[in-house]
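What follows is one structure encoded as structure tokens, with my remarks underneath.
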Amino acid sequence: MADSGSEDIAVIGNTDLTPSESENNLKNTMVEKGTSLLKRMEISVAEAEKRTGKNAVNMQETYTVYLIETRPVDAASEGTNPVPDSLWRRYSEFELLRNYLLVTYPFVVVPPLPEKRAEFVWHKLSADNMDPDFVERRRVGLENFLLRVASHPVLSSDKIFYSFLTEENGWKETVFETGFQAKADSRLKALNATFRVKNPDKRFAEMKHYGDELQSVISQLLRVRAVGENKVSTAENAAQSIRKSPFSPTKRAADRLYGVYKVHGNYGRVFSEWSAIEKEMGDGLQSAGHHMDAYAASVDDILEEEEHYADQLKEYLFYADALRAVCRKHELTQYELEMAAQDLTSKKQQREELATGTVRTFSLKGMTSKLFGQETPEQREAKLKMLETQIEEGEELVKERNEECDEFVKSAWVDIERFKEQKDHDLREALISYAIMQISMCKKGIQVWNNAKECFSKM
């Protein structure tokens with residue numbers, strides 16, 4: 001379901017970048033208006049392979065690698081079928097790529113990776129991250145991540161992303177040379193700091209709240225469907241469980257569905273055993289038993305298909321985090337602007353007080369003047385000159401912060417609108433497909449009992 005939008009979005013890079021770094025960042029992109037990498041290259045994660053080796057601390061470990069295959073789209077259109085270029089990547093390398101994209105493009109709702117360890121475990125899926133079924137689903141999720149990035153109007157043009165797909169050796173060194181980690185660390189500390197923006201942008205505040213609500217709703221849907229008993233030992237625990245989720249039955253939906261199908265398996269066994277002791281009724285009972293057995297056996301395929309829809313929901317569960325991250329980055333940009341403006345106002349007030357000799361508010365400077373006397377004209381002149389320089393620098397900084405904030409808002413909102421369109425399309429299609437599957441399941445159940453009715457009628 002990778003998005004193939006082609007909006008023309010300005011590339012501004014990380015808000016912490018200096019002008020020279022911004023210029024280098026622009027040189028590291030291959031922006032072509034209205035195009036994406038996915039239109040020029042076929043990308044797939046073809047297979048997963050378990051390997052054993054030594055880690056950074058020289059200890060033996062077992063890990064999984066994923067085979068990325070790429071080939072030019074032109075080759076397919078020309079009727080040729082060349083051997084695709086391929087390389088192996090670990091999940092941690094996908095994480096490194098995404099972290100780089102988050103720092104370099106703070107205004108983008110960066111596509112999420114599939115979960116590192118299984119959450120909201122559905123029927124038959126192990127929580128072990130080395131389980132073959134889990135690894136296969138993660139392979140599909142990693143391919144979807146690459147397709148999302150490759151179809152994004154901005155991210156698809158990044159040279160680091162292109163080298164991730166095409167250069168097996170030296171890729172990590174190239175990423176680290178960008179210095180993104182230092183910027184990520186400083187930004188992470190700032191995001192975790194407790195700050196309040198005096199004049200928050202209402203649109204971003206509402207979008208952040210929407211991200212919270214979207215994550216909550218999807219979490220509830222996934223919990224409803226997850227396998228396992230909801231173990232409630234006390235009335236208070238039960239009340240808390242219901243408050244947390246309006247869909248908190250004693251047994252989860254997947255278990256109940258599985259049980260319904262297995263009941264039909266029991267019907268089939270009983271009818272078959274019964275047929276052995278009957279003469280006139282034997283054939284009809286045996287035929288009815290076969291229909292019940294076939295229906296019971298179909299449950300595993302149905303649950304597997306439902307897990308596919310769960311993975312689509314999980315993607316948007318993690319997308320909600322990416323959406324909120326953009327909103328938090330805007331808060332930080334706005335906060336830096338307000339701090340620069342506040343510092344400039346303070347410097348101008350100091351200049352006025354120094355020029356007039358009037359202190360408007362209580363300050364250490366005022367107390368010092370009373371205790372040790374007024375400054376000499378030369379000292380005052382030197383301080384005024386220094387303040388003038390600081391004010392000029394402050395005005396320039398406020399101007400830069402204003403432009404940075406305006407550019408961030410413009411670029412971020414374009415990408416948020418693109419994301420909303422993608423989300424609406426994807427979730428609508430997933431829910432429609434899920435509804436069609438449920439209707440098909442019900443029709444099969446009705447058909448099974450119609451067939452059984454015919455068998456019974458012929459007895």
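The values are calculated or read from the model by the stated rules, or taken from the named source; none is laboratory data. Just so it is clear, the structure is predicted and the values come from calculations on it, not from any experiment. Every residue, glycine among them, receives a Cβ derived from its backbone with ideal geometry; neighbour counts consider all protein chains shown. With ligands, DNA and RNA removed, areas are computed over all heavy atoms of the protein, side chains included. Shrake-Rupley method; radii C 1.70, N 1.55, O 1.52, S 1.80 Å.
Take Val224: with every protein chain present and a 1.4 Å probe, its accessible area is about 30 Å². Sequence-ordered 3J(HN,Hα) estimates for the stretch 167-183 from the Karplus curve with 6.51, -1.76 and 1.60 and θ = phi - 60° stand at 10, 6, 9, x, 5, 4, 4, 5, 5, 5, 5, 6, x, 5, 5, 4, 5 Hz, glycine and proline given as x.
Straight-line reach from Lys420: taking Cα to Cα under 16 Å and skipping same-chain neighbours fewer than 8 places apart, the aspartates and glutamates in range are Asp3, Glu7, Glu206, Asp212, Glu213, Glu315, Asp321, Glu429. In this simple spin-label model, placing a label point 7 Å from the Cα along the Cα-to-Cβ direction at both Glu381 and Glu95 gives a separation of 6.2 nm. Taking each of Lys39/Lys172; Lys198/Lys329; Lys262/Lys458; Lys39/Lys423 in turn, the alpha-carbon distance tops 18 angstrom for Lys39/Lys172; Lys262/Lys458; Lys39/Lys423. For Asp424, the accessible surface of its heavy atoms amounts to roughly 80 Å² (probe 1.4 Å, protein chains only, rounded to the nearest 10). In order along the stretch 208-219, phi translates into HN-Hα couplings of 5, 5, 4, x, 4, 5, 4, 5, 5, 5, 5, 4 Hz, rounded to whole numbers, per the Karplus curve 6.51 cos²θ - 1.76 cosθ + 1.60 with θ = phi - 60° and x for Gly and Pro. Ligands, DNA and RNA aside, Arg256 has an accessible area near 120 Å² when probed at 1.4 Å. Computing FRET efficiency as 1/(1 + (r/R0)^6) for Lys443 and Lys198, where r is the C-beta to C-beta distance and R0 is 45 Å, gives about 0.15.
Sequence-ordered 3J(HN,Hα) estimates for the stretch 444-449 from the Karplus curve with 6.51, -1.76 and 1.60 and θ = phi - 60° stand at 5, x, 5, 5, 4, 6 Hz, glycine and proline given as x. Between Asp158 and residues 5 or more places away or on another chain, which pairs have amide H atoms under 5 Å apart, with H built 1.01 Å from N, and which residues are they? Hits under the 5 Å cutoff: Met30. A cut-off of 5 Å between modelled amide H atoms, ignoring neighbours fewer than 5 places along the same chain, links Glu47 with Leu67. In a fully extended conformation the segment linking Glu454 and Lys399 would gain 11.6 nm over its present Cα-Cα distance, using 0.36 nm per residue.
For Glu42, the residues 5 or more places off, or on other chains, whose built amide H falls under 5 Å of its own are Arg71, Val73.
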